[in-house]
Structure formats: C-alpha cells, structure tokens
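To keep things clear, I will list the structure first and then write my remarks on it.
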Amino acid sequence: MITSNVLKFNTNFRLLKNNNEVILGNVINGLWIKCPDYVYDFLNDCISKQYNANEILEKCQDHETQEYMMNLLRKLQEIEITDYSTESLKSSSEIKSVSIEITTGCNLRCTHCCVGCGDILREDMDIADIKNIINWCEIHNVSSLVFTGGEIFLRKDIWDILSYARSNYTGIIEIMTNGTLLKQDKVPVLKSLVDYVSISLDGYNEHSVTLVRGPGVFEKVMTTIKNLQKEGITNISLSMVLTKHNISHANEFKELCLSLDVKSAIRAFSPEGRGEENYEMLSPPIKINAMDILTANEKDQLQNTANFKCVCDLDSKILISCDGEVYPCFLTKRGNKSLGNITDLLEGKLEKLYLLPIVDAMQPCASCNVRYFCASPCPGHDRSIFSVEDYRNEVCTQMKPYYTKVVW
C-alpha cells in the first residue's frame, strides 16, 4: 500500500548496474526487477531528500511518467525492498526450529562429511544441557526440534533423551540418522517418540552408496525403512548430497524414493571437513551453457528462474553444537559465526546475526554485476566456495557468462 510516510530502501535491498540499466533486488526473498538507471537515480535522489510517495509522484513531469513511477513503487513494495515508515523493515526474530548436535561420534566415515564426524575426537553434549534446551524450546513455542550428530544412535542414553523430549515438548520432533544402527525391536518405541525420521543415503543403489558411505550401508538403510514403515512410521525422508559420482543420477535417486514412498531431499556439496579433503574427487562439475543466441522468449523464461536470494532466513533457526555454542546452522560453524552459548540462549542473551552476502566482501566478486545471482541462499556454503580462489574461479568461469547473458 502506498502511504504518505517517508519512503526508503530497507536492509534487504541490493543494487546491480550494467551500462544504462540497474537491477533492484531482495537478497532475502530472491525477487528483483530491472529499470533504466536514470529512473533509479531519480528515485534515489527523492529518497535521499526523504520524500514520501505523493511527493515523488508530484516530481514526475507528466501523467505517463506518474503512472510508470506509481507502478514501480508498487513493484518495489511487492518484492519487499522499500519501507514506508521511519523504522527499518521488521523481520521476525521468532526461532522456529532448533537442531541439537548431541554427539560428534559416528560409525561411518562418509567421504563428503562436512563435519568430519568419526575422525574428530568424539564429544557428547551433557544430557542436563539437552534437557534445558528442550524445556526452553517448549517455553518459547519452537515449532520443531531436531536431534542430529554424528550418529545419534551411538549414544546409549538416546532413548532417555527422546523420551524426555516427547514428555516435555509439544512441537514436532525430528531425528537425523544414517539408518544403520536402529534395531528392529526399538522401532515401536521410536514411533511413540518422534514425528519425522530423516535418513542420509547419498546414492541410489548399492554401488553408489558404497562409494560414499561404505559397503553394506545401502541394504541396512533399505531394511530400516521397511521396519519403520511396517510399524506405521510414514514421515521418512532420504537425502543425497550431489557429488561428481551421483550428480547425473539425481533422477534415479528420486525414483528410488518414490518406489519406497519416502520424501527425497537433494543437497548441495560443500567442501567442508572431509568434503574439503576430497574436493577434487567429489566436487560435481559446473556445466552451464552461456548460450550465444537467446530468443526474447527464452531470455524471459530464464530471467523468471534467476534468483537474487543469497542470504537465508537466519532468525528462524539455530544449531546448538556439542560444545554448547549456538550457530545459525552447521555450515556457519567454521566461520565462527557463534551467536553465543547455551547459557546465553537460556538467559535470552543471544546475539542477532545478519549475514551480509559474502560476494559483497570478496574481490573480484564485490564489483561483479551478477554477483547476487551466482551466490546461493546458504552463507555457510558460499563461504566454503567463494573464500577459496580455485573454487571461486571454477564457479565464476561458468556462472558469470551465463547470468550476464540472462539477466542483462
């Protein structure tokens, strides 16, 4: 709604320039529009003078220009990069999901593991801390609670932890597991304690899974899924991290999930932990045809898929690691983006974190006019790629010509 309040760009706004055109975009929701540079210069000048919408329209020289500017102001509102108040755009600070890393121990040695679980010294979170976090989640109406590792079923007290969570927390309880250690006689117990089971597989058959997770894992996971479903547990997902070995078989993975009647989740490879050690062996090739000739219709279609989003919704989720530090997610741990610790969480003293797009802080990315399209919505993943020159160059060689052709 256009109001009489002062207009300004909010913190989600970013600008890209190319010759006589500019792109105005939102790095949070990924929406963007393009307009002539002189239009932006006019609008920015009005904003610097603290004009409201009516005053901006009055500055337009004729009715046609007023109509154009009115439509532009509406579009800027729709993509949520302008504010009609003296305050910044308010974003929800409500934490909706909490993941607890209850152990770093693991019985597998997956080649791509971004944490390096199993190789690093095992650490288990104290059960008293886990219970305090569960209680905090219930008090603060957290929607979902996720128990992750390492491999959670290595903990001898895992059933005590899950039982306490079910008795003291009314939200959704999810577990993340590799699916190899869950005994059949425990499945009925699990059904009463959790709402969702997420299993990492990273392949679509025995051979592909063995390459990443080791021999025998595929059949163990298939057996676990059958046992879960036999007991009536139907909220199951299988995940696969895309690597050089399986990227051309994503459809086979989806077909496997369809045949098993489970949800499929495909994740991007990040060169962290053992993933960094095995980068050359695992990193999927980036193959994008920049296309010398594009019809107007083809360009429009590709522009509709181009996404400006390069920062995730950090306020809605947290990860609490085994050592008690609190992060937005796993992939921000290495960058030391700690928000505080368990004590800070319980006392309401966590720091707010707004991660700037890493492409704004890296050269030569900071001066590139397609940088927000190259970046992903995951700051942790982007830090793994853009902070290492060889990885960054690999992305740039393919992405920059493509997006230059598409968005400009």
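How far, in nm, would the chain grow between A268 and R74 when pulled straight, counting 0.36 nm per residue and subtracting the alpha carbon separation?
66.3 nm
Give me the net charge for the shell around L319: Cβ to Cβ below 11 angstrom, other residues only, Lys and Arg +1, Asp and Glu -1.
Local net charge: +1.
Which lysines, if any, have their Cα less than 24 Å from the Cα of K405, not counting same-chain residues under 8 positions apart?
List returned: K17, K34, K75, K287, K299, K309.
Rounded to the nearest 0.05, what FRET efficiency is calculated for S192 and L15 with R0 set to 51 Å and r the Cβ-Cβ distance?
Given R0 = 51 Å and the Cβ-Cβ separation, E is 0.45.
Which FRET efficiency value, to the nearest 0.05, do you get for N52 and Q184 by plugging their Cβ-Cβ distance into 1/(1 + (r/R0)^6) with R0 = 56 Å?
Rounded to the nearest 0.05, the efficiency is 0.25.
Which FRET efficiency, nearest 0.05, do E389 and N141 yield, Cβ-Cβ r, R0 51 Å?
0.70
Along the Cα→Cβ direction, 7 angstrom out, place labels at D126 and K59. What is the inter-label distance in nm?
5.9 nm
Taking amide hydrogens as modeled 1.01 Å from N in the peptide plane, which residues meet the under 5 Å criterion relative to E151, leaving out close sequence neighbours?
G105, C106, N107
At what distance in nm do the modelled label points of E231 and N307 sit from each other, each positioned 7 Å from its Cα along Cα→Cβ?
Simple spin-label model gives 3.5 nm for this pair.
Want the number for T170 to T404: 0.36 nm per residue separation, take away the alpha-carbon distance, what's left?
So the extension gain works out to 79.4 nm.
Given 0.36 nm per residue, what is the gain on full extension from D37 to E206 after removing their alpha carbon distance, in nm?
Roughly 55.3 nm would be gained on extension.
Going down the list K96/K244; K191/K263; K8/K96, which pairs span over 26 Å between their C-alpha atoms?
Violating the 26 Å Cα-Cα cut-off are K96/K244; K8/K96.
Each value in this text was obtained by applying a stated rule to the coordinates, not by laboratory testing. Just so we're clear, the structure is a prediction, and the values are computed from it rather than from any experiment. Please note: Cβ atoms are built from the backbone with ideal geometry, for glycine as well, and neighbour counts cover all protein chains shown.
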